[in-house]
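The values are calculated or read from the model by the stated rules, or taken from the named source; none is laboratory data. Predicted model only: the values in this text are computed from it and were never measured. Glycine also receives a Cβ, built like all others from the backbone with ideal geometry; neighbour counts cover every protein chain displayed. Just the protein is used for accessible areas: all its heavy atoms, side chains included, with ligands, DNA and RNA removed. Shrake-Rupley method; radii C 1.70, N 1.55, O 1.52, S 1.80 Å.
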Amino acid sequence: MPPRPPNTGDGGGGEGEGEGEPEPADDTLHFLDHSTDTVASLSLRYGVPAHVLRSYNRLAADHLLPGRRTLLVPGAWYRGGVSLSPAPVGGEQEDVRKSKIRRWQVACKEADYDVAVLYLEAAEYDVAAAAEAYFADEAWERENPLDEAGGARGAKGKGKARARDRGIWNRASDAAFLRRAGPSSKR
């Protein structure tokens, strides 16, 4: 059974009595400073039990906190509504932008940060539209490969380019095979 938030002081009466049930407060986003923040210190600072912070943020143990950049403080327990953490260096908008870049990189399996920024800026940071554009470009490149004279996307496995591109170890093993096979392999 989940823990109950502290008594709100409404006296437990019905809807018509007293002030009534207060509006639930929004959750508060706390930006972690790993040099000072622990689950216990955040529990004391916000007045929220440590086990509530752990369960609300799906932390199985306190040592998993350094793997996070933010922590949510449940509004049912902390009604202050104001984060007691300093704002991140780039601001909250920069944090959102970087998270969109990471989400796009994972969705498209593209590690190049500059490519991610290029597609997301073109799509005005709409992750789905940027991913769709990326996949459309990838499909077009597969359908329209460059010819051999055009560059690295030449037809694979044709002529001298194949033997030249295989590297020294493969050419050396080919030469050793031909020496062993001798003249009988030329049938």
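Among the numbered criteria (1) touching a strand residue (DSSP E or B) at 6+ places or on another chain (Cβ under 8 Å); (2) in a loop (DSSP other than H, G, I, E, B), which single criterion is violated by R79?
(1)
Take the range 62-104 and flag every residue that is within 19 Å of D37 (Cα to Cα), among the aliphatic types (A, V, I, L, M) and open to solvent by less than 30 Å² (accessible area, probe 1.4 Å).
L65, L71, V73
Look through the range 123-147, keep the residues that are among the small types (G, A, S) and within 20 Å of the chain's Cα centre (by Cα), and return whichever of them is most open to solvent (accessible area, probe 1.4 Å). If you could, list the steps in order and put the result at the bottom.
Kept after step one, since they are among the small types (G, A, S), are these residues of the range 123-147: 123, 128-131, 133, 136, 139.
Restricting the remaining residues to those that are within 20 Å of the chain's Cα centre (by Cα) gives 123, 128-131, 133.
On the way: A123: 24, A128: 70, A129: 41, A130: 0, A131: 13, A133: 42 Å².
So the residue we want is A128.
How many residues does the range 24-49 contain that are in a helix (DSSP H, G or I) and in contact (Cβ under 8 Å) with a residue 12 or more places away in the chain?
Just the residues of the range 24-49 that are in a helix (DSSP H, G or I), to begin with: 39-46.
Keeping just the survivors that are in contact (Cβ under 8 Å) with a residue 12 or more places away in the chain gives 39-40, 42, 45-46.
Summing the residues that are in a helix (DSSP H, G or I) and in contact (Cβ under 8 Å) with a residue 12 or more places away in the chain in the range 24-49 gives 5.
Please go through the range 47-61 and pick out each residue that is under 29 Å from D126 (Cα atoms) and open to solvent by 70 Å² or more (accessible area, probe 1.4 Å). Quick ask: steps written out before the conclusion?
Within the range 47-61, the first condition is being under 29 Å from D126 (Cα atoms), and the residues that meet it are 56-58.
Residues satisfying the conditions are Y56, R58.
Sort out which residues of the range 109-119 are surrounded by 12 or more Cβ atoms within 10 Å (Cβ to Cβ) and either small (G, A, S) or touching a Phe, Trp or Tyr at 6+ places or on another chain (Cβ under 6 Å) (or both), and write them in order of number.
Of everything in the range 109-119, those that are surrounded by 12 or more Cβ atoms within 10 Å (Cβ to Cβ) and either small (G, A, S) or touching a Phe, Trp or Tyr at 6+ places or on another chain (Cβ under 6 Å) (or both) turn out to be A116, Y119.
Find all pairs meeting these conditions: Cβ atoms under 6 angstrom apart; at least six residues apart or on different chains; first residue within the range 125-146 and free of Cβ contacts under 8 Å to residues at least 60 places away in the same chain; second residue open to solvent by 70 Å² or more (accessible area, probe 1.4 Å).
If the second residue must be open to solvent by 70 Å² or more (accessible area, probe 1.4 Å), the pairs left are V127/R103; P145/R153; L146/R153.
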